[in-house]
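Contents: one structure, followed by commentary.
What follows draws every value from the coordinates through simple rules; no lab data is involved. It should be emphasised that the depicted structure is a prediction, and the values quoted were computed from it without experimental measurement. Because the Cβ atoms are built from the backbone with ideal geometry, glycine has one as well, and the counts that use them run over all protein chains shown.
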Amino acid sequence: MLLDQGATRLQAAGIATARLDAELLLRHVLGWERADVIARGSEEVPDAALALFEGAIAQRALRRPLQHLTGHQAFWKHDFIVTPDVLIPRPETELLVETALEVIRDVRTPVVVDVGTGSGCIALSLAAERPDARVHATDLSPAALLVAQGNASRLRLESKVTFHEGDLLDALGTEAGAVDLVVSNPPYVSAEEWATLEPEVRDHDPRLALVPPEGVAGRYGRLFASAARRLRAGGGCVVEIGQGQADMVAREARAAGLEVVEVRPDLRGIPRALVARRPPG
Ligand SMILES: C[S@@+](CC[C@H](N)C(=O)[O-])C[C@H]1O[C@@H](n2cnc3c(N)ncnc32)[C@H](O)[C@@H]1O
């Protein structure tokens with residue numbers, strides 16, 4: 001069967017999720033739901049779909065990410081379009097959304113800034129959960145911002161989120177006013193670690209999204225300093241951190257004049273979200 005052939009080819013290419021990936025690619029080219037794979041699995045597949053499937057399997061065997069072949073990634077409660085111009089949203093980043101929602105739970109009409117928005121997954125998830133929020137999203141990459149704006153339109157959230165091109169929170173200009181919450185999943189991979197990443201990540205996620213040119217500590221330091229200049233007294237800052245970075249990131253937060261409130265682990269128990277705040281006035 002077609003699915004078996006695809007899975008065997010991906011397995012031979014060293015892909016751990018070979019069968020799942022082959023199934024998702026088959027469903028993508030045929031527009032099938034999961035149940036169709038069982039109910040219609042032995043049907044003859046039209047030639048055009050067959051060629052698309054074989055092409056996609058060949059690309060995946062070359063370690064192109066599944067999401068670049070399907071063009072989609074689910075995150076939090078929505079489906080996001082992804083292209084090679086943006087980081088593919090990761091499941092662990094949903095912890096940032098969950099934590100951010102708690103930080104602004106009691107704030108009415110909060111002003112929120114997502115720094116380095118990529119696909120827009122964090123900013124748009126927060127805007128959907130908190131229709132009263134004024135959300136700003138920044139990115140240095142104009143190509144990423146186009147993807148994020150496309151996702152905002154698809155989710156009908158264009159009027160809730162404003163996109164700004166530029167460095168960290170300087171991209172905002174003076175428009176945003178005092179900020180209640182800064183949330184960010186910044187690039188936090190060192191150049192040495194980048195070289196050891198899986199090919200799907202190293203060769204296909206934008207390097208700008210992974211590796212900060214000023215170094216990881218330098219990036220967190222700049223991010224916190226930039227956030228501290230914009231946060232209202234008592235305002236929160238929620239950032240994603242890499243494995244083993246909690247102490248270093250906490251030091252950078254304190255050096256920028258912020259208080260460290262807590263560090264939360266992800267589902268694998270790895271410290272993943274650091275919450276800081278500007279001391280209340
Ligand atoms: C790790 S990705 C996060 C993307 C998205 N927020 C997510 O969680 O999937 C980091 C993002 O920050 C952007 N970026 C890198 N340097 C930046 C800077 N100096 N100012 C603003 N954005 C930057 C990258 O283009 C990329 O979109």
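Checking each residue in the stretch 1-22 for being of a type in the set (Asp, Glu) and under 16 Å from residue 44 (Cα atoms) picks out only 4.
So which residues in the stretch 151-172 are more than 13 Å from the ligand (Cβ to nearest atom), assigned to a helix (DSSP H, G or I) and aliphatic (A, V, I, L, M), if there are any at all? Passing the criteria: only 152. Do we have residue 126 as in contact (Cβ under 8 Å) with a residue 40 or more places away in the chain, of a type in the set (A, V, I, L, M, F, W, C) and surrounded by fewer than 18 Cβ atoms within 10 Å (Cβ to Cβ) here? It is false that residue 126 is in contact (Cβ under 8 Å) with a residue 40 or more places away in the chain, of a type in the set (A, V, I, L, M, F, W, C) and surrounded by fewer than 18 Cβ atoms within 10 Å (Cβ to Cβ). Scan the stretch 173-186 for residues that are within 12 Å of the ligand (Cβ to nearest atom) and either surrounded by fewer than 21 Cβ atoms within 10 Å (Cβ to Cβ) or charged (D, E, K, R) (or both) and jot them down. Across the stretch 173-186, the qualifying residue is only 186. Taking the stretch 176-205 as the range and being within 30 Å of residue 111 (Cα to Cα) and either within 17 Å of the chain's Cα centre (by Cα) or without any contact (Cβ under 8 Å) to a residue 24 or more places away in the chain (or both) as the test, the residues that pass are 182, 183, 184, 185, 186, 187, 188, 189, 205. Looking only at the stretch 239-263, how many residues end up being away from the ligand (no atom under 16 Å from the Cβ) and assigned to a strand (DSSP E or B)? Residues meeting the conditions: 5. Put simply, of 144, 148 the only residue that is part of a helix (DSSP H, G or I), near the ligand (Cβ under 8 Å from one of its atoms) and out of contact with any Leu (no Cβ under 7 Å at 6 or more places or on another chain) is 144.
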